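The values are calculated or read from the model by the stated rules, or taken from the named source; none is laboratory data. Not measured: the values here are computed from a predicted model. Here Cβ is always computed from backbone atoms with ideal geometry, including for glycine, and neighbour counts include all displayed protein chains.
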Amino acid sequence: MNKFWLISFSFLLICFSINSLSAQNNRLRAYTLEDGLPQSQVYDIIQDEMGYLWLGTQGGGLCRFNGEEFKIWNEKDGLQSNYIHALNSVNDSLFIGTIRGLSIKTKNKFTNLEGPRINKIYRIKNKTYLATNVGIYSYENNVGLTKIKLNSKINTSIINDIVFDGKLFWIATNKGLWKLSAIKKSARIIERHSAHDFTAAIFYNDKVFAAAFNQGILVLNTNAKSYGNYWISKPLRVTNISLHNGNELWFATDNEGISIVDGDKRTHLRNINRQNGMTVSHVRKSILDRQSNIWIATSGGGFYKYFQNNFIHYDQNTGLKGNRVYAVHTGKDGIWASNSEAGMVKIDSLGIHHIEQEDQIAEVKIKTITSDQSGNIWAGTDGKGILFKEIKQIDSIVVDSSFVQNATLDSIVEVKKDTIVKTVYKNHIIDRDSGLPSDWIRTVLVDKNTIWAASYSTGIIRFTYDPEKRRLFKKKKFDRKSGIKDLQISYMTQDSLGKIWYTTQNGHLGYIKNNRVTHLGNMLNQKTSISTLLFRNNKMFIGTAGRGIWWSDLEKVGFKKLKGRKKPYSDNIYQMIFDDLGNLWAGSERGVDKIELNQSNEIVDIFHFGRNDGFLGIETCLNAVTKDKKGNLWFGAIYGLTKYKPTDNTKATVKPRIFFEDVEVTYRSVDSINLNTWANSDKVLRLRPNQTELSFSYKTVDLDHPNDIQYRFRLNNSEWSPWSSENKQNLAGLAYGSHYFSAQSRNYRWEESDLATFRFFIDSPIYEKAWFQLAVLATILLIVGGYAISYIRRVKQKNQEERERLQMQNHLLSLEQKALRLQMNPHFIFNALNGIKAMGTNNPERMNSTINTFATLLRETLYNSRKDYITLDQEIQTLKHYIEIEQLMASKPFKYEITIDSDLDPEEILIPPMLIQPFVENAVRHGILKGSRDGELKIQFHTTEDFLHCTVVDNGHGIFQSQKMNTNTDHQSMALTVTRERLESISGKDSLNIKEIINNGSTVAGTQIAFKIPLETDY
């Protein structure tokens, strides 16, 4: 057998059978005008300190990208020019190189400096250098743009790149590669190393790689005696050189995409170009972000995100018939997938093979694919029944035609030929005409030689198929009569025990075993569709449409919802599969979740993969998932087919970083400070008393999961707020004094950032300042003190006057009291003498005794009348002598009693003289002597803390009755008047109380006179 021709024929056969071998898998996601990019020519791309991507476009101005949205600035916003060639971020400022010079963006303000076109911007040794079309310029804050005059050729050259190797500067220009000891005119070394047109350069591992536009890459060893001048012939037409992944040099070209070279071995590794899914070949630059993604800026194709992860994506651009993948299955000879309505494709180690579509099922959706032990393919369709692709091995003849070509017309030709075995598929359509109950097939299962097919609404059928006779045998239909109470089947699968399980769109569950249906009913007690069903380790997992994932033991069916510290990103579960490590993968409309479970089927952790993570298919398709023989997972989605290749090199998450974007004070941004240098420092923003309303905006940029960042905040030592997606807080009515505002973020993995703290101080109003309060207090004290002194003076003067007045009043009162006593003594003497006169004729002996007693009384009266106060004991003695005289002169006898109730000795208590005698006289003469009862007189004294109280009680016929009977005499009224005046002068008004004593029969039983005077003692 001629092996050469056999191999040639085999190669041609493979080429014809493979529709798109040249199309490679896609790890690129494009961002174009449809995503919000203002212009498709992106000439520079950088990442700032916060994590934002900045893009300079040709005509579209400046863009900022946060992983989801674009924010655009152009000439209307103050930008120098919409044509941007270079970007560089320094602290809180963005340097923008345009065709008309330099723009500096600080917050939302632009500072523009006219100049030539700027190709690159560098920050070397804290100095800013600009590579322009006419030499090198420098920038300083207070000076602006200054051209650095070097060599005349450099001054007029187009500067494309500047590299510093630690000792020398290497300048790539259109007139050669120059080396300088310093970028200044007085530099010790200014030499041209090579005269080619150099467009880019980079320093790596003690070597300078300089790209000459049409000559290749010049490699210079800077750590050796000679530079070496080693050339790499390709790539050509390089626009930029970047270093990624440790030692990979990424050469961006304007005609062949990106060429990746090993920087140590200087060998070519791979290309990224149109074959990988790029729409253009002109690449301007590539950068590596902090999350290990590579971003590629192109001219005409927008920019791309290159995923360095385990996902490989296939779509129409990389060989599929269409983007939508309805079903995927691992067969004996590769991965089979139904592709849009264009039939099926097969993917193996040789590439993507387009499977020829039968005319009968053209433009028909294939929703389920499986295979039998022989490798035959069984596919269920929408409306056309089941497609059975039978494997056939046929012999193919291979002819060596060289003998025919070399033979003449007259010669005898000996034709060499051989045969090879070729695999082909013979198609069979099994539909209602063949015996199926329905042509709408939801799921197809193969159990040895038995085929199970679940339809949309007519139940399940089991059969065997004879390809030769094209007939169905051993048919058995399972429908409502068999026990399936809900015929709207959504999925069907088989467990390890051979049971055929089915789920329905109304949430029902059941199984078939030994031709018997066990319909379990609605096990979730919820009317929700069960989309998928999975078994592992004697456990059953179901995915629902809107209710998440549930699980149960197979032996005793009772479902529990899958729960844990984290939740799946969606409750709409379209597909599920376990990988070889025991992780559960769930597909939804948002991508796929890798769910780590513990032995109790609790969620330990969840890893989500969406479009930004390389899962470019986005929304997964119902049950379009499989695992191949190597453990790779394949997911069918509406935007293609994605393969997940488990490796040890998984992309590590990066701890989030939070920054303050803006601080507003009374609705105005604070533009005078760099917020990120103030944050977490001892610097304090000082505010006026009326600036009590603040607003803080903070941000964590996650280019992979921009919508999954959550924030929390607190003021001072208060409790943290709940986690939320809100990244702006307004604070109003803040108290005066020191405050600090803290914010924190966490990413989709719940990794928390460090705190971002901003300190500020709200000055108190002048009236709340201590010095002002002290000054006011001192002023008040001075005023009050002055007023108090003035008041005291006035009071003293008034008191002096009052004292003098009181002294005068006391003197007058004393005189008045003496006058009253003088009025009273004659009255008393007059009454006594009248009594003695009356006894002269009737009872001379009694008159003599009375005169003796009267002499003693008169002597006491004369003695006491010269004093202001006498003792209570002296007053009592005088009263006793007076009462005894009255008893001697009285027409009828009476008794008297004097009692004292006091802790003080009567000789210590002082009392004005002759104060009580008038009351006693009235009690005797006008009460007792005129009454019909035996006379009784009681005089009582008692003391309180401040007063001496005196009570005079008689049992006469009453003082008011006596006044009525004696209307023609004024003796009684005169005595009461004089005494009352004396008491009022001593004790004030209402100090005297006179009342008649009334007994139970409402008759008068006597008179009670009570008064009080201030208690005076002689100590």
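Which condition number in (1) modelled with pLDDT under 95; (2) assigned to a loop (DSSP other than H, G, I, E, B) is the one that residue 116 fails?
Unmet condition: (1).
Kindly indicate whether any position in region 200-223 is surrounded by fewer than 19 Cβ atoms within 10 Å (Cβ to Cβ) and in contact with a helix residue (DSSP H, G or I) (Cβ under 9 Å, 6 or more places away or on another chain).
Checked against the condition, which is being surrounded by fewer than 19 Cβ atoms within 10 Å (Cβ to Cβ) and in contact with a helix residue (DSSP H, G or I) (Cβ under 9 Å, 6 or more places away or on another chain), region 200-223 yields no hits at all.
Mind listing whichever residues of region 648-667 are at pLDDT below 90 and within 23 Å of residue 105 (Cβ to Cβ)?
667, the sole residue that qualifies.
Is it the case that residue 831 is farther than 30 Å from residue 980 by Cβ, surrounded by 12 or more Cβ atoms within 10 Å (Cβ to Cβ) and modelled with pLDDT under 85?
no
Give the residue that is nearest to residue 378 (Cα to Cα), with candidates limited to residues of region 436-484 that are of a type in the set (Lys, Arg) and out of contact with any strand residue (DSSP E or B) (no Cβ under 8 Å at 6 or more places or on another chain).
Only one residue tops the list, namely 448.
Can you name the condition, by its number, that residue 567 falls short on among (1) at pLDDT below 95; (2) out of contact with any Phe, Trp or Tyr (no Cβ under 7 Å at 6 or more places or on another chain); (3) over 23 Å from residue 723 (Cα atoms)?
That leaves (3) as the condition not met.
Can you tell me which residues in region 741-776 are of a type outside the set (S, T, N, Q) and within 18 Å of residue 669 (Cα to Cα)?
Residues satisfying the conditions are 741, 758, 759, 760, 761, 762.
Limited to region 260-275, what total is found for residues that are acidic (Asp, Glu) and surrounded by 15 or more Cβ atoms within 10 Å (Cβ to Cβ)?
Final tally of qualifying residues: 0.
Any residue in region 503-530 that's among the charged types (D, E, K, R): show its pairings with residues that are in a strand (DSSP E or B) at Cβ separation under 9 Å, as long as the two are six or more apart or on different chains.
Within 9 Å, the pairs are 513/500.
Quick check, is residue 680 assigned by TED's automatic domain parsing to the domain that holds residue 761, in contact with a strand residue (DSSP E or B) (Cβ under 7 Å, 6 or more places away or on another chain), crowded, with 16+ Cβ neighbours inside 10 Å and not in a strand (DSSP E or B)?
Here the answer is no, as residue 680 does not meet what is asked.
For every residue, the table says whether it meets (1) under 29 Å from residue 294 (Cα atoms); (2) touching a Leu at 6+ places or on another chain (Cβ under 6 Å).
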{"residue": "576", "(1), (2)": "no, yes"}
{"residue": "594", "(1), (2)": "yes, no"}
{"residue": "599", "(1), (2)": "no, no"}
{"residue": "644", "(1), (2)": "yes, yes"}
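Mind checking which residues of region 152-167 are surrounded by 18 or more Cβ atoms within 10 Å (Cβ to Cβ) and of a type outside the set (Val, Ile, Thr)?
Correct list: 157, 160, 161.
Which of the following residues is aliphatic (A, V, I, L, M), closer than 20 Å to residue 616 by Cα and either part of a loop (DSSP other than H, G, I, E, B) or touching a residue at least 24 places away in the same chain (Cβ under 8 Å) (or both): 327, 342?
Of the residues listed, the single one that is aliphatic (A, V, I, L, M), closer than 20 Å to residue 616 by Cα and either part of a loop (DSSP other than H, G, I, E, B) or touching a residue at least 24 places away in the same chain (Cβ under 8 Å) (or both) is 327.
Tell me yes or no: at least one residue of region 94-112 is part of a loop (DSSP other than H, G, I, E, B) and more than 25 Å from residue 201 (Cα to Cα).
The answer is yes; a qualifying residue exists.
Among the residues in region 580-600, are any at pLDDT 90 or above, under 30 Å from residue 49 (Cβ atoms), touching a Lys or Arg at 6+ places or on another chain (Cβ under 9 Å) and not in a loop (DSSP other than H, G, I, E, B)?
Yes, region 580-600 contains a residue that is at pLDDT 90 or above, under 30 Å from residue 49 (Cβ atoms), touching a Lys or Arg at 6+ places or on another chain (Cβ under 9 Å) and not in a loop (DSSP other than H, G, I, E, B).
Which of the following residues is touching a Pro at 6+ places or on another chain (Cβ under 6 Å) and within 26 Å of residue 39 (Cβ to Cβ): 286, 259?
259
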